[in-house]
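Reviewing the structure listed below.
The values are calculated or read from the model by the stated rules, or taken from the named source; none is laboratory data. Quick caveat, the model's predicted, so the values are computed rather than measured. Here Cβ is always computed from backbone atoms with ideal geometry, including for glycine, and neighbour counts include all displayed protein chains. For the accessible areas, the whole protein counts, side chains as well, though only heavy atoms, and no ligand, DNA or RNA atoms are used. Shrake-Rupley method; radii C 1.70, N 1.55, O 1.52, S 1.80 Å.
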Amino acid sequence: MMLTGKKIVVGVTGGIAAYKACELVSRLKKRGAQVRVVLTEHACQFVQPLTFETLSGNPAYTDSFDRKYEIGHVALAKWADLLLIAPATANCMAKMACGIADDLLSTTCLAVRCPVLVAPAMNSAMWRNPATQANLELLRSRGLRFVGPEAGRLACGDDDVGRMSEPEQIVKAVEAILNPLRDLEGLNVLVTAGPTVERIDPVRYITNRSTGKMGYALAEAARDRGANVTLVSGPTSLTAPQGVEFVRIESSAQLCAAVLERGESADVVIQAAAPADFRPKNVSDRKIKKTGESMTLELEATTDIAAELGRRKQPGQILVAFAAETNDVMDNARGKLAKKNADLIVANDVSRSDAGFGVDTNVITLITAEDVRALEKMSKRAAADAILSRVRELRDR
């Protein structure tokens, strides 16, 4: 009964995943929450209000002008400890981003001062559309929380990202907001994220496919669990998380300098960035012109930042490194554990379409000197929490 006494407004929008909201409301009630449901006009085409009234034990709200209730959006906004929108369609996210208030749910979104948790669900093409992604980043920058979407079989028949997270996972996200785990309170956590850029000339550079999503999820999760977080990030399209110290870098040399400067004062260092292993030995100050059919580019090794952190590791400090591999994943990861002097290696196969660069899910294995824990596919935020829980165990041993 972790949600006893908590007041949750569940907004249901017009997507096929609306049927999952029925189980979601039931689970929230079983956890002890008080639940009121707001349905959009289109949501009522998928699930009737009576279903939610029966499950929640409260009237279902559908009409801003229904005079049976108080001024709907204001009363709901004042009442709620949390606004949960599940499923949230692309249209709903666009309206929230633009501040449109043309029905009871969107008006309530503008009026609430409590936390807002959004569980998107839509076709994969709609999810990847630049407009939806821009709305996602804008809403995140305003402090809204997101859970999902997940990859899997969609109503349209595609097997891709866009599924609403399962009700149990959404309930866990609700509990994390309303009853936050503060097991990292007071710890200094240093996280690196994203790729590095190694310049060839003023126009060209060497980089990799890292988007920084895993590192940013780790920074947000550590912040939510009470840590003082510093995020050192290479170039990404992501919005800097609120409530963390944010350091922007470009090259592996800049990353190394930023991390070593801050590493000594960190209780936990998580090297989730993907720095280049090599950089051009000579960088031209002018654009290199094409003069033939081929060009030889001489590269030199960059500093192994994780190994350097391991060499300088302070007593009691926990070092987490990543092993993003395409083959012999476990053997390569185990080798890094000793080579980097790390306490924990997070291994994943980046050749997988659901666990590599640029996707919202991950499949990781946590490797320490004591054991190996293979985890199921999950969102990167859930993976971040799993990593931090293992870090907490290592500190407590």
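Kindly state, to the nearest 0.05, the FRET efficiency for ASP277 paired with ARG153, given R0 = 45 Å and r defined as their beta-carbon distance. Could the numbers behind the result be given before it?
On the way: r = 38 Å, r/R0 = 0.84.
So, using R0 = 45 Å, E works out to roughly 0.75.
Is the C-alpha gyration tensor of the range 254-341 telling us rounded, prolate or oblate? Criteria: a/c under 1.5 is rounded; beyond that, a/b larger than b/c is prolate, otherwise oblate. Could you put the intermediate results ahead of the total?
Values: a/c = 3.55, a/b = 1.76, b/c = 2.01.
The shape class here is oblate.
Under a plain spin-label model, where a point goes 7 Å from the Cα along Cα-to-Cβ, how far apart in nm are ARG262 and ASP354?
If labels sit at ARG262 and ASP354, their model points lie 3.3 nm apart.
From the square roots a ≥ b ≥ c of the eigenvalues of the alpha-carbon gyration tensor of the range 128-208, which class results: rounded (a/c under 1.5), prolate (a/b over b/c), or oblate?
Values: a/c = 2.33, a/b = 1.22, b/c = 1.91.
Cα axes put the range 128-208 in the oblate bin.
Please give the peptides 326-337, 373-384, 81-92 ranked by average Cβ packing (other Cβ atoms within 10 Å per residue), highest first, as a rough proxy for protection.
Details: 326-337: 15.2, 373-384: 19.0, 81-92: 24.7.
Ranked by mean Cβ neighbours within 10 Å, highest first: 81-92, 373-384, 326-337.
Hey, what angle do you get for helix 252-263 against the long axis of the chain, alpha-carbon based, 0 to 90 degrees rounded to 10?
Helix 252-263 sits at roughly 70 degrees to that axis.
Identify, among GLY310, GLY234, ALA272, the residue whose Cα sits farthest towards the positive end of the charge dipole of the range 221-314, taking +1 on the Cβ of Lys and Arg and -1 on the Cβ of Asp and Glu, with the dipole about the Cα centre.
Selected residue: GLY234.
Can you give me the % of accessible surface on the chain that is carbon or sulfur? Probe 1.4 Å, all protein chains present, nothing else counted. Before the final figure, lay out each step's value.
On the way: 9130 of 18660 Å².
The C+S portion of the solvent-accessible surface of the chain is 49 percent.
With angles folded into 0 to 90 degrees, how steeply does helix 213-224 sit against the dominant principal axis of the chain? Use alpha carbons for both and round to 10.
So the inclination is approximately 60 degrees.
In debye, nearest 20, what is the charge dipole magnitude of the chain about its Cα centre with +1 on Lys and Arg Cβ and -1 on Asp and Glu Cβ, if you could check?
Working: 51 positive and 48 negative charges, 110 e Å.
Rounded to the nearest 20 debye, it is 520 debye.
Calculate, for GLU41 and LYS377, the FRET efficiency according to 1/(1 + (r/R0)^6) with r their C-beta to C-beta distance and R0 35 Å; round to the nearest 0.05.
Numbers: r = 35 Å, r/R0 = 0.99.
The pair GLU41/LYS377 has a calculated efficiency of 0.50.
Helix 130-141 against the longest principal axis of the chain: what's the angle in degrees, Cα atoms only, rounded to the nearest 10?
Helix 130-141 sits roughly 90 degrees off the main axis of the chain.
Suppose only helical runs count, i.e. DSSP H with n ≥ 4. What mean residue ellipticity at 222 nm does that imply for the chain under -39500 (n - 2.57) per run, divided by all residues and rounded to the nearest 500 deg cm²/dmol? Present the calculation step by step, with values, prior to reporting the outcome.
Details: 13 runs with 134 residues, N = 397.
So the calculated ellipticity at 222 nm is -10000 deg cm²/dmol.
Using the heavy atoms of the protein chains alone and a 1.4 angstrom probe, what is the accessible area of the range 329-382 per residue in square angstrom?
On the way: 2480 Å² over 54 residues.
The answer is 46 Å² per residue.
Go through LEU110, PRO149, ALA131 and say which Cα lies farthest out towards the positive end of the charge dipole of the range 97-179; charges sit on Cβ, +1 for Lys and Arg, -1 for Asp and Glu.
LEU110
Within the set LYS78/LYS172; LYS7/LYS78; LYS20/LYS172; LYS172/LYS213; LYS313/LYS336; LYS6/LYS78, which residue pairs have Cα atoms separated by over 18 Å? Could the numbers behind the result be given before it?
Details: LYS78/LYS172 24 Å; LYS7/LYS78 10 Å; LYS20/LYS172 15 Å; LYS172/LYS213 20 Å; LYS313/LYS336 15 Å; LYS6/LYS78 13 Å.
LYS78/LYS172; LYS172/LYS213, as the Cα separations exceed 18 Å there.
Roughly how many Å is it from the Cα centre of the range 292-315 to that of the range 98-137, as a whole number?
If we compute the Cα centre of each part, the gap is 42 Å.
Would you mind computing, in nm to one decimal, how far apart the modelled labels at ASP201 and SER389 are, each placed 7 Å from Cα along Cα→Cβ?
5.2 nm
Can you tell me how much longer the chain between ASP183 and MET295 gets when fully stretched, taken as 0.36 nm per residue apart minus their C-alpha distance, in nm with one decimal?
Details: separation 112, 0.36 × 112 = 40.32 nm, distance 5.36 nm.
Extra length from ASP183 to MET295 when fully extended: 35.0 nm.
Using alpha-carbon positions, what is the distance between the centroids of the range 1-34 and the range 195-255, in Å?
35 Å
Give the aspartates and glutamates whose C-alpha is closer than 13 Å to that of LYS380, dropping any in the same chain fewer than 8 places away, or say none.
LYS380 reaches GLU150, GLU220, ASP354, ASP360.
Please quote Rg/Rh for the chain to two decimal places, taking the Kirkwood radius as Rh and restricting both calculations to Cα atoms. Walk me through the numbers before you get to the answer.
Values: Rg = 23.2 Å, Rh = 22.7 Å.
Radius of gyration relative to Kirkwood radius: 1.02.
Answer rounded, prolate or oblate for the range 59-185, using the Cα gyration tensor with square roots of eigenvalues a ≥ b ≥ c: rounded when a/c is under 1.5, else prolate when a/b is larger than b/c, else oblate.
Details: a/c = 1.71, a/b = 1.25, b/c = 1.36.
It comes out oblate by the Cα gyration axes.
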